[in-house]
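Input: a single structure, listed below in structure tokens.
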């Protein structure tokens, strides 16, 4: 990981979210009660919403930090 590298961590979060969503999809095929709805509505959807909001900000900040890193490197 480079100095000021946010991309690696953001990509790991994206991958983890994909794994979580696939696992949940498999789980929903067999679990259809009120508890499953509670887990989805109160835990999984908020996580996905927060990450969806966060990713564009991380990407923008990563670009700014990469530019700053380039500008601060020795000639």
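Looking at (1) in contact with a helix residue (DSSP H, G or I) (Cβ under 9 Å, 6 or more places away or on another chain); (2) assigned to a helix (DSSP H, G or I), find the lone condition where residue 4 falls short.
Result: residue 4 fails condition (2) only.
Got a number for residues in region 62-75 being over 16 Å from residue 12 (Cβ atoms) and either surrounded by 11 or more Cβ atoms within 10 Å (Cβ to Cβ) or touching a strand residue (DSSP E or B) at 6+ places or on another chain (Cβ under 8 Å) (or both)?
Number satisfying all stated conditions: 7.
Laboratory data are not the source of any read-out in this text; all were calculated from the coordinates shown. Note that the structure is a prediction, hence the values are computed from the model and not measured. So basically every Cβ, Gly included, is an ideal-geometry build from the backbone, and we count neighbours across all protein chains shown.
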